[in-house]
Amino acid sequence: MALTPLVYWAQRHEDIYLRVELTDAQNIDVRVHEKVLQFTARGHGAKGQNEYEFSLEFLSPIKPKVSYKSTERQVNITVHKQQRGWWERLTAQERKPVFLAPDFDRWLEESDAEMEIREKDEKRNRLKASKQKEEGFVSLKTGFLFVYNLVQFLGFSWIFVNMTVRLFIFGRDSLYDTFHTIADVMFFCQILAAVEVLNAAFGVVRTGVIPTLIQVVGRNFILFIIFGSLEKMHNQPVVFFVFYLWSAIEIFRYPFYMLGCFNTEWKTLTWLRYTIWIPLYPLGVIAEAVAVIQSIPIFDETKLFSIPLPKAIGTSINFSYFLHVYLVLMFLGLFINFRHLYKQRKRRFRTKKRKAS
């Protein structure tokens, strides 16, 4: 003959919670019909290891879907009320069954339950407002990054196309007037590139600050100090090679970032973005080194940026001394950035292979 387990109950405005005192319950069967819930299971209760069952006729109708979870110590049942409201008692009969008792761990008075609902609503509203604020920030950040990358892409595309067309039309002669025709746009793009350092520093994009700083500062040093401050460097063919190699890398990098703003990918562009730098980046550094070497005798001659010393010493520290040191730093920066870019490429394609498998 089946025995009756101890059952503890508590309510909220929408749910009824039942806790059945059965240890290691098995063969659990919970059925609902209109207002009646029937429970059977085998487990260890107040009368030891036996079959246990009970039936409850609720005060008001309940929903047919009931959820329950069995643990080592008890069976927790959640019953959903047909209509939201607070019941004055659990069962249809005024006299409660002897096996039924309040679950004081979950027990709340109606006013406390209403306060709990208000607290949940307030928390939900705070989370919703926070999410909307975050989504607004993400949208603003996405728009900013897209516009920035679009402007840079258009700038470097103009440089690359202009230099290519001039090379086909004028041949070798185009190498000697590159600075005069291209420099203004290159100045604009490289000044704007300082935004990338700020983006990395403030966490707008997830990338290393040091590699970004090395590239931006290195390029601007070549552009403003080596080319911009020395008029004799304006007509050197090395300007063409430096500008052409810079722009050849960027016309693939910036559209890749533009698509990334909207979680979109073009596989060919992805491959080019993570591959084209392998030959072009070292060639660009070599071209920059050639420009520095060509500028050294000009700095020695003009004494530009030299540091004068007291007359007792009778000499000055030429800027060319710094340029010799800078040449060493250039190739050290090449090693750091090449290693960083290679890690990015390896991580990117390893992730793609893992997703494909």
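Below are the figures for this structure:
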{"item": "L245 being among the aliphatic types (A, V, I, L, M), open to solvent by 50 Å² or more (accessible area, probe 1.4 Å) and closer than 19 Å to S157 by Cα", "result": "no"}
{"item": "Neighbours by Cβ (under 7 Å, 6+ apart or cross-chain): first from the stretch 235-263, of a type in the set (K, R); second in a helix (DSSP H, G or I)", "result": "R253/R273"}
{"item": "Filter pass, A113 being in a strand (DSSP E or B), of a type in the set (A, V, I, L, M) and either open to solvent by 50 Å² or more (accessible area, probe 1.4 Å) or out of contact with any Gly (no Cβ under 7 Å at 6 or more places or on another chain) (or both)", "result": "no"}
{"item": "Residue match in the stretch 199-219 (condition: under 27 Å from F299 (Cβ atoms) and surrounded by fewer than 16 Cβ atoms within 10 Å (Cβ to Cβ))", "result": "yes"}
{"item": "Near pairs, Cβ below 8 angstrom, 6+ apart or cross-chain, from the stretch 92-107 (closer than 17 Å to L59 by Cα and open to solvent by 100 Å² or more (accessible area, probe 1.4 Å)) to any residue that is at pLDDT 90 or above and of a type in the set (A, V, I, L, M)", "result": "K96/L90"}
{"item": "Qualifying positions in the stretch 15-34 - at pLDDT 90 or above and assigned to a loop (DSSP other than H, G, I, E, B)", "result": "E21, L22"}
{"item": "Test: G228 is on the phi > 0 side of the Ramachandran plot and open to solvent by 30 Å² or more (accessible area, probe 1.4 Å)", "result": "no"}
{"item": "Any hit, the stretch 287-308, residues being touching a residue at least 12 places away in the same chain (Cβ under 8 Å), open to solvent by less than 90 Å² (accessible area, probe 1.4 Å) and touching a Pro at 6+ places or on another chain (Cβ under 8 Å)", "result": "no"}
{"item": "Hey, L259 open to solvent by less than 30 Å² (accessible area, probe 1.4 Å), closer than 22 Å to N149 by Cβ and among the aliphatic types (A, V, I, L, M) or not", "result": "no"}
{"item": "I191, sole failed condition from (1) without any contact (Cβ under 8 Å) to a residue 24 or more places away in the chain; (2) over 24 Å from F349 (Cβ atoms); (3) surrounded by fewer than 14 Cβ atoms within 10 Å (Cβ to Cβ); (4) hydrophobic (A, V, I, L, M, F, W, C)", "result": "(1)"}
{"item": "Criterion: assigned to a loop (DSSP other than H, G, I, E, B) and of a type outside the set (S, T, Y) - qualifying residue of Q49, Q83", "result": "Q83"}
{"item": "Condition met for W271 (free of Cβ contacts under 8 Å to residues at least 12 places away in the same chain and either more than 19 Å from the chain's Cα centre (by Cα) or crowded, with 17+ Cβ neighbours inside 10 Å (or both))", "result": "yes"}
{"item": "Residue match in the stretch 283-306 (condition: closer than 18 Å to E196 by Cβ and part of a helix (DSSP H, G or I))", "result": "yes"}
{"item": "Close pairs from the stretch 23-36: first free of Cβ contacts under 8 Å to residues at least 24 places away in the same chain, partner surrounded by 15 or more Cβ atoms within 10 Å (Cβ to Cβ) and among the β-branched types (V, I, T), Cβ under 8 Å, at least 6 apart", "result": "N27/T40; D29/T40"}
{"item": "Tally, over the stretch 7-37, of residues that are open to solvent by 30 Å² or more (accessible area, probe 1.4 Å), over 24 Å from E116 (Cα atoms) and of a type outside the set (V, I, T)", "result": "9"}
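The values are calculated or read from the model by the stated rules, or taken from the named source; none is laboratory data. Values in this document were obtained by computation on a predicted structure and should not be read as measured data. Reconstructed Cβ throughout: ideal geometry from the backbone, glycine too, with neighbour counts over all protein chains shown. Quick note on the areas: whole protein, heavy atoms, side chains included, nothing else; ligands and nucleic acids left out. Shrake-Rupley method; radii C 1.70, N 1.55, O 1.52, S 1.80 Å.
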